[in-house]
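**Student:** Sending over a structure as structure tokens; questions will come in a sec.
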Amino acid sequence: MALIDVDLQLAVSDGQRRFALHTRFRSQARMVALYGPSGAGKSLTLQAVAGLLRPERGHVRIGGRTLFDAEAGIDLPTQQRRVGYLFQHYALFPHLSVRQNIAFGLTTWRRRRLDARAAQRVDELLVSFGLEAMADARPSALSGGQQQRVALARALACEPQVLLLDEPFAALNPMLRHDLRQELAAVCARWQLPVLMITHDVDDVLALAEEAVLIEQGRAVRQVDVARGTGVELELLGAPARAAEPPQAAAVRRLLGAAHG
Ligand SMILES: Nc1ncnc2c1ncn2[C@@H]1O[C@H](COP(=O)(O)OP(=O)(O)OP(=O)(O)O)[C@@H](O)[C@H]1O
């Protein structure tokens, strides 16, 4: 059984334009990158996995759990999907402290106080992300890297069974990216979660992902094994995998770079 098994069909429209999405891929890898040009449908895919968008057809299975299955009539609400979501630019609440940001998903509008177990979880996250000293600070007082850590801690607070990362490095300067890639890799290894990550940057793929799915014009077109530097055309699933020339990194760049001609 695949760790990540996604088959999504949906259409969105703003009244004038209609965008049809059909992304289908399966992976045994723990760290999968969704890569492709702007407007290709990467965020829509992630949103549908999280339950923020309802597909018309298809299914989402992660770690053996079915989150959505149109045919079987299964559509778990977002809160029950056990999904940790790291938004682009982190979407931290500026008026809340670091501690309150991390705790946010564990409270409700009616009940703002944490129970003892949830409070302990928040404390543990503050420690494991090295944020205790700034627990009462506002996000604006933190560096880009610290903000990313708060956002990751918040995504992990609900004890998710999958982590969805939307451009986790987009808000960072290139100097920080390198360090935070290492940090994110360590976090993912430590929490042993399947991760689906959107990126525009092939260096993110090379540094972090085991597999990358190339998304173009609303379709998952190619699945790339990063360690081997090989790819499979998804529209022709069942066809033999294409071998690419070494070195591995150059092959991955070429396979993914094909998105841009
Ligand atoms: N709610 C919506 N209503 C109408 N169209 C939408 C909606 N959300 C996204 N789209 C359109 O769907 C297409 C895919 O959007 P999506 O955000 O998934 O792209 P993306 O690959 O994540 O791009 P980027 O890398 O720039 O974030 C785009 O053309 C976008 O304009």
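Please treat every number below as a calculation from the coordinates, not as lab data. Treat the numbers as computed from the prediction; the structure is a model and nothing was measured. Counting neighbours? That spans all protein chains shown, and the Cβs are built from the backbone with ideal geometry, glycine included.
**Student:** What are the ³J(HN,Hα) couplings of the stretch 162-179, residue after residue, when phi is run through the Karplus curve with 6.51, -1.76, 1.60 and θ = phi - 60°? Round to Hz, x for glycine and proline.
**Tutor:** For the stretch 162-179, the Karplus curve yields 8, 10, 10, 10, 9, 6, x, 10, 4, 8, 10, 6, x, 5, 6, 3, 4, 5 Hz.
**Student:** Distance in nm between label sites at residue 233 and residue 254, each 7 Å beyond Cα in the beta-carbon direction?
**Tutor:** A separation of 1.7 nm, rounded to one decimal place.
**Student:** Given that compact globular proteins tend to follow 2.2 N^0.38 Å, what is the ratio of the alpha-carbon Rg of the stretch 67-122 to that value? Numbers along the way, then the final one.
**Tutor:** Numbers: Rg = 14.6 Å, N = 56, 2.2 N^0.38 = 10.2 Å.
Relative to the 2.2 N^0.38 Å estimate, the stretch 67-122 comes out at 1.44.
**Student:** Let me ask something additional. Averaged across orientations, what area in nm² does the convex hull of the alpha carbons in the stretch 89-159 project?
**Tutor:** The orientation-averaged projected area of the Cα hull of the stretch 89-159 comes to 4.4 nm².
**Student:** How many nm separate the modelled label positions at residue 175 and residue 201, each set 7 Å beyond the Cα in the direction of the Cβ?
**Tutor:** 1.4 nm
**Student:** Using 10 Å bins from zero, what percent of all Cα-Cα pairs in the chain falls into each bin?
**Tutor:** 7, 29, 34, 22, 7, 1
**Student:** Each label point is 7 Å from the Cα along the Cα-to-Cβ direction; what then is the distance between the points at residue 20 and residue 95, in nm?
**Tutor:** With each label placed 7 Å out from Cα toward Cβ, I get 4.4 nm.
**Student:** Going 7 Å from the Cα of residue 137 in the Cα-to-Cβ direction, what parts of the stretch 73-103 have a backbone nitrogen less than 20 Å from that spot?
**Tutor:** 89-103
**Student:** Does anyone have the angle between helix 144-156 and the longest principal axis of the chain? Alpha-carbon axes, 0 to 90°, nearest 10?
**Tutor:** Helix 144-156 sits roughly 90 degrees off the main axis of the chain.
**Student:** Could you work out the Rg to Rh ratio of the stretch 138-192, with Rh taken as the Kirkwood radius (inverse of the mean 1/r over all Cα pairs)?
**Tutor:** 0.95
**Student:** Can you figure out the FRET efficiency of residue 191 with residue 13, using R₀ = 45 Å and their beta-carbon distance, to the nearest 0.05?
**Tutor:** It comes out at approximately 0.75.
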